[in-house]
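Presented below is the structure to which this report refers.
The values are calculated or read from the model by the stated rules, or taken from the named source; none is laboratory data. These numbers were taken from a predicted model, which means no experiment stands behind them. Note that we place each Cβ from the backbone using ideal geometry, even for glycine, and neighbour counts take in every protein chain shown. Please note that ligands, DNA and RNA were not included when accessible areas were found on the heavy atoms of the full protein model with its side chains. Shrake-Rupley method; radii C 1.70, N 1.55, O 1.52, S 1.80 Å.
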Amino acid sequence: MEKRLITACVADLTPDREQKLRQAAEQNGFALNVVQKGQYTAQDLAGSEILFGNYPAAMLKEVSSLKWAATASAGVDSYCSDDLYPNPDVILTNSSGAYGVAIAEHLLTCALMLMRRMREYEEGQRQKRWKYLGKIRSIYGSVVTVVGIGNIGGNFAKRCKAMGATVRGVKRTPGNKPDYIDELYLTQDLDQALEGADVVALCLPGTQETQMIMTAERLGKMKQGSYLLNIGRGTALDQEALCRLLKEGRLAGAALDVTAPEPLPPENPLWELDNIIITPHISGNDSLDYTTDTILNQFIENLALYQKGKPMNHVIDRKIGY
């Protein structure tokens, strides 16, 4: 009897990781087909019951045998339309829980670089200029508002709390307050959560509800001299208003790992600012061993559940986007 097929396209799939994945596939009655990013066509995916990794969304519908799309990312907004799939019953899962460590450390790096004026000191180094720039800021004693306290936002919140910040968390639905959150707000009370915050971190998925959640009006209400960090989706933020407030000095700095659009066009004025850190959507860099291993382990655990017909983890409701 011919085995069912899993096709995997996963970053940093070392020989040891591939062997682990292949063994799990075999144990559950599947054969494994490995493809490399950018080096395959829809024909190479033909016959796959499961696609593991991140594939061009437009290619999914061509895989008529597809029953489960297991993405290696946390955000899945580009995979949520039913029109992308050969039938509406295809299961979509993400890798939520794999990226919290990497992205929390990215957020901390950016926050500290901005607060300690490292962008300016780097420029001084390039110019071979030995000059003290004066006052810096600290996470210790600051008020940090984390908008979206899932795995990613929660990991950042824990680290800020450990470093002596007062941490505010913002979430969509009511629930218990985690011990690393000092003040818990619902999304409907976002304005109150932003008031007086020294640092605001947007850790939101891309959904209709999060589109332009940080309007020009909300940005304008942020504390004078505060910092904005965004690692969720560029669509959550009015970038033109952010640029204006940074130029005026109303906000002290920003860090954007996501933009709208991506890539950020070379002519965009954000590139020219000296109080912003822009990175090309790499905060969750899956070359981190912890991230890659977690993605792999989550898939293997889900594969066993899938094979047994049991409820799986990280299943996405495509109507709401997470």
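General observations
- Flag if Ala58 is assigned to a helix (DSSP H, G or I) and over 26 Å from Gly148 (Cα atoms): yes
- When each of Gln239, Gln208 is tested for being in contact (Cβ under 8 Å) with a residue 12 or more places away in the chain, open to solvent by 20 Å² or more (accessible area, probe 1.4 Å), at negative phi and touching a helix residue (DSSP H, G or I) at 6+ places or on another chain (Cβ under 7 Å), the lone residue that passes is Gln239.
- Among the residues of segment 64-71, not a single one is on the phi < 0 side of the Ramachandran plot, open to solvent by 10 Å² or more (accessible area, probe 1.4 Å) and free of Cβ contacts under 8 Å to residues at least 12 places away in the same chain.
- Applying the set (1) under 18 Å from the mean Cα position of the chain (by Cα); (2) outside any loop (DSSP other than H, G, I, E, B) to Ala25 leaves exactly one unmet item: (1).
- Count of segment 122-140 residues which are under 30 Å from Ala157 (Cβ atoms) and loosely packed, with under 10 Cβ neighbours inside 10 Å: 3
- Unmet criterion (only one of (1) open to solvent by 10 Å² or more (accessible area, probe 1.4 Å); (2) closer than 30 Å to Arg116 by Cβ; (3) in contact with a strand residue (DSSP E or B) (Cβ under 6 Å, 6 or more places away or on another chain)) for Pro269: (3)
- Residue under evaluation Leu246, criteria (1) open to solvent by less than 40 Å² (accessible area, probe 1.4 Å); (2) not in a helix (DSSP H, G or I), criterion not met: (2)
- Criterion applied to Ala74, Ala104, Ala25 was being surrounded by 15 or more Cβ atoms within 10 Å (Cβ to Cβ), in contact (Cβ under 8 Å) with a residue 24 or more places away in the chain, closer than 30 Å to Ser226 by Cβ and in contact with a Lys or Arg (Cβ under 9 Å, 6 or more places away or on another chain), and the one residue passing it is Ala104.
- In segment 151-194, of all residues being among the small types (Gly, Ala, Ser) and surrounded by fewer than 18 Cβ atoms within 10 Å (Cβ to Cβ), the one that is farthest from Leu107 (Cα to Cα) corresponds to Gly175.
- Of note, Gln307 satisfies the criterion of being open to solvent by 50 Å² or more (accessible area, probe 1.4 Å), in a helix (DSSP H, G or I) and in contact (Cβ under 8 Å) with a residue 40 or more places away in the chain.
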